[in-house]
1. Is it true that I324 is more than 16 Å from the ligand (Cβ to nearest atom) and either within 25 Å of V27 (Cβ to Cβ) or at pLDDT 95 or above (or both)?
2. Can you pull out the residues in the range 346-374 that are in a loop (DSSP other than H, G, I, E, B) and touching a Lys or Arg at 6+ places or on another chain (Cβ under 8 Å)?
3. Which of the residues belonging to the range 77-124 are part of a loop (DSSP other than H, G, I, E, B), near the ligand (Cβ under 10 Å from one of its atoms) and buried (at least 22 other Cβ atoms within 10 Å of the Cβ)?
4. Among residues belonging to the range 230-261 that are in a strand (DSSP E or B) and crowded, with 22+ Cβ neighbours inside 10 Å, point out the one that is nearest to the ligand (Cβ to nearest atom).
5. When the residues of the range 192-229 are filtered to those that are among the hydrophobic types (A, V, I, L, M, F, W, C) and part of a loop (DSSP other than H, G, I, E, B), which remaining residue is nearest to the ligand (Cβ to nearest atom)?
6. In the range 263-272, is there at least one residue being more than 15 Å from the ligand (Cβ to nearest atom), at positive phi and not in a helix (DSSP H, G or I)?
7. Go through (1) at pLDDT 95 or above; (2) within 27 Å of C336 (Cα to Cα) and name the single condition L271 misses.
8. Inspect the range 158-166 for any residue being assigned to a loop (DSSP other than H, G, I, E, B), out of contact with any Phe, Trp or Tyr (no Cβ under 9 Å at 6 or more places or on another chain) and charged (D, E, K, R) and give the result as yes or no.
Amino acid sequence: MDTQKLVDQFRSNFPILQSSVYRKPLVYLDSAATAQKPLQVIEYEKSLYTTYNANIHRGVHYLSEQMTAIYEQARQRVARFIGAKSASEVIFTSGATASLNLVAYSWSEAFLRAGDVVLVSQMEHHSNIVPWQMAAARRGAVVRAIPITDSGEIDIEAYERMLQYGVKMVAITQASNTLGTRPDLKTMITLAHKHGAKVTVDGCQGVVHGGVDVVELDCDFYVFSGHKLYGPTGIGVLYGKSELLEAMPPYMGGGDMVDKVTFERTTYAPLPLKFEAGTANFVGAATMAAAIDFLEDYSALMEYENTLLSYATEQLQSIAGLKIYGTAPSKSPVVCFNVEGCNHYDIGMILDKMGVAIRTGHHCAQPVMDRFSVTGMCRASFAMYNTMSEVDALVSGVDRAVKMLR
Ligand SMILES: Cc1ncc(COP(=O)(O)O)c(C=O)c1O
């Protein structure tokens, strides 16, 4: 099937993309914030509630056993998707932020000492900065920022130099949610390991654009959210190497994460349940697995996202005074920009009235804004359901907005 037909077929699965806002066809260019959901995934979630709903792990009755099996199959599906050695290395959480807080807290309790250093890059989302700052404050450690260059890439020489000074953890994104940059993770992880540091990879913006193989990459931890992956909200994943997860204390206490509870001594369940206190989002986990099946059926379209990105980059540059932030050769499909003499928020508001949904502001990455000395940026982010004509709508919309604002 040719690419256009495949895009049309893919897009036809998303009811919301047929809708209008302010009587204009919706042009949804905010998939980096959350992806739209295909009908198959919506229907699957509904079928779980109508057919199997019962709490998992604790029941002896039929429905509970069925739902438990579906939940554990979802764990295996995620393990296969990311290339984990074992499903017990996959912890379900409420999202990437929860996963990062879990690893920052529990790993630090076991392994971070006073005076140790955690490196985070200057292009991280706040979710991959603040939990490390909180952990460092608790443990008497220090967080340092790996600088980025004017093109929005990791300054690899600076990184190598910084690794020599007591670094125990490197927290790095697979793809920046603002600059789009995909750092050379393989090199960064090899260097970190050479210096005895562990690596946490934030896969939020990477996993949906080409996936990951955690064993091949050799990262120690990997996180992502279901809702950016055409799946539901409120579900996410923390992958960790089993020897590390085994050595870490639990993050939250409660039901399901224990082996035996007495007032004298409580023992914990083995992996992965040690880190899954309380009723899990079992419907969310199973629905996310269905979204992964859906995504993998269309893996032939991955390259198409790069075509959209190149076209958008080229067309936007034709607007006088427009500056794009993040010009690395390897990018995920996001374009952040500002236009001279115009406020990013005003551009976003005018585009909205034309039916074009972009995001404006600091994108939960204030250190990136500081790096480029701006208060915010416009961001258009693309998914496999977007079309070239939607890119045209963005470009002509920005052009019109700029003429109105100047
Ligand atoms: C790179 C990156 N990391 C982490 C997050 C946090 O994800 P969530 O809000 O789903 O926990 C986001 C969300 O935008 C992101 O883009």
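The values are calculated or read from the model by the stated rules, or taken from the named source; none is laboratory data. Just so we're clear, the structure is a prediction, and the values are computed from it rather than from any experiment. Neighbour counts run over all protein chains shown; Cβ positions are idealised from the backbone, glycine included.
1. So I324 fits the description; yes.
2. The answer is M354, G355, I358, H363.
3. Hits for the range 77-124 are G95, M123, E124.
4. Step by step, filter the range 230-261, then rank; the result is G236.
5. C204
6. no
7. Every condition holds for L271 apart from (2).
8. no
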